[in-house]
Amino acid sequence: MVWQARAVFWCGAIAVGLVAVVFADACGWAIRYHDKMIVRWPLAAPFITPFGFAAAVYLTRRFSPAAKGSGIPQAIAALAAADDIQRSRLLSLRIAAGKIALMLVGLLSGASIGREGPTVHIGASIMDALGRFAHFPSEQLRRGLVLAGGAAGLAAAFNTPIAGIVFAVEEMARSFEERTTGTLITAVVLAGVVATGLLGNYTYFGVANAHLLTWRAWIAVPLCGVSGGLLGGLFARILVRGSDLLAPLSTRKAVFMAASLGLIVSALGLVSHGATYGSGYEQAHGLLTGEVSPGLLFPILKWLATLASYLTGMPGGLFSPSLSTGAGIGAALSPLVPQTSLATMIVLGMVGYFTGVTQSPLTGAVIVMEMVDDHSLILPMLATCFLALGVSRLLCKEPLYRALAKPFLRQIDQAGPGRLG
């Protein structure tokens, strides 16, 4: 049984990595194809985006309701499932395939969504399917597969293995253990070092030349922490409350609501000259390298576009859009701290806003540190993250993904063992 469990874990991890690579390439193609359509037919955006949003939401509700949204809430709820029947309504290969196809529809339409959360959902689904195929009798082991699949999905999506492990501990495993001991943190770090050595080392956003050279430059920490916490916490609060308030309308007129929100996203895309479409990777990368300057209004427009895209209920994540929004916030605040480099402000803006949205400070610090391959800023990044966390909690009392997982958890509680749906 031990060797069988290990073989399933290894095969599952390889499968998750392969699917994540193919998914990433497909998402990149979808974003580029949409950009080409908008360049060729700039006035077609008010038609492409609303129609695409409506199609994505209709197909999601008709064929794969469990594929909606980020997918992280479904993975969290699946950890609380009592048996295979409950879990299969949240995680399955069919749901994973639907997630991939429907998210590509959203990106082709210009939605401001990311692939990282969906890759977590896909990874958890693949691991759970392998566990069912191997007929593992232990529920604890089956939950471990889901947890490992989600972590592997994030690690493969960003090529940030340590962040994948920290994310599993900090976000997905909150229900298992709210307090992490020093021994656990040590194990996580050691495992992450091994994973980095095995998976290789490239940087998602390139290498940032970011440093805090003087004590005066440390004003960047509270500035980015408070700003990121406020805007991120406000985003999370509006998203949670908006999802609850729009639930009755989304049940009766989901397609109409999606088309209306698509019209808003297309208008934001026109105002931003296309900068708010897609995941935001190009804008964040361009800001860090100095190749692109999307403008002072970019973070606000991207904030609105991401909110509107997610409220439709189409499959799509928040990680990349949040990081690009944070990069824009850091760039906009940079003139206020002339003692600090632009790259430093962008990095601190990314971790501050990401933490404000997700309330996962360790994940925010580690994921950005690995993506830009810069360890010199780890202390300022951690300080920014925990400050942003405190500010965000004033606006949104409950972490975003835990709040979004509640509807799925209620379904499990109401259905009882083996009767979900």
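Quick notes on this structure:
- Against the numbered list (1) in contact with a Phe, Trp or Tyr (Cβ under 8 Å, 6 or more places away or on another chain); (2) at positive phi, residue 265 comes up short only at (2).
- Residue tally, condition over 28 Å from residue 102 (Cβ atoms), surrounded by fewer than 24 Cβ atoms within 10 Å (Cβ to Cβ) and in contact (Cβ under 8 Å) with a residue 40 or more places away in the chain, over segment 297-340: 4
- Matching residues in segment 372-411 - criterion: being of a type outside the set (Asp, Glu), outside any helix (DSSP H, G or I) and within 30 Å of residue 81 (Cβ to Cβ): 396, 397, 399
- Being closer than 19 Å to residue 61 by Cβ and in contact (Cβ under 8 Å) with a residue 24 or more places away in the chain is true of residue 250.
- Any hit, segment 43-56, residues being among the polar types (S, T, N, Q), in contact with a helix residue (DSSP H, G or I) (Cβ under 7 Å, 6 or more places away or on another chain), assigned to a helix (DSSP H, G or I) and buried (at least 20 other Cβ atoms within 10 Å of the Cβ): yes
- The set of residues from segment 74-88 being in a loop (DSSP other than H, G, I, E, B) and crowded, with 21+ Cβ neighbours inside 10 Å comprises just one member, 81.
- Filter result for residue 301 (among the hydrophobic types (A, V, I, L, M, F, W, C), more than 18 Å from residue 69 (Cα to Cα) and part of a helix (DSSP H, G or I)): yes
- Residue ID - nearest to the chain's Cα centre (by Cα), chosen from residues in segment 266-298 that are under 17 Å from residue 30 (Cα atoms) and either part of a helix (DSSP H, G or I) or polar (S, T, N, Q) (or both): 279
- Test: residue in segment 368-382 that is within 24 Å of residue 121 (Cβ to Cβ), among the aliphatic types (A, V, I, L, M), at pLDDT below 90 and not assigned by TED's automatic domain parsing to the domain that holds residue 117: yes
The values are calculated or read from the model by the stated rules, or taken from the named source; none is laboratory data. Treat the numbers as computed from the prediction; the structure is a model and nothing was measured. Cβ coordinates were reconstructed from backbone atoms using ideal geometry, including for glycine residues, and neighbour counts include every protein chain displayed.
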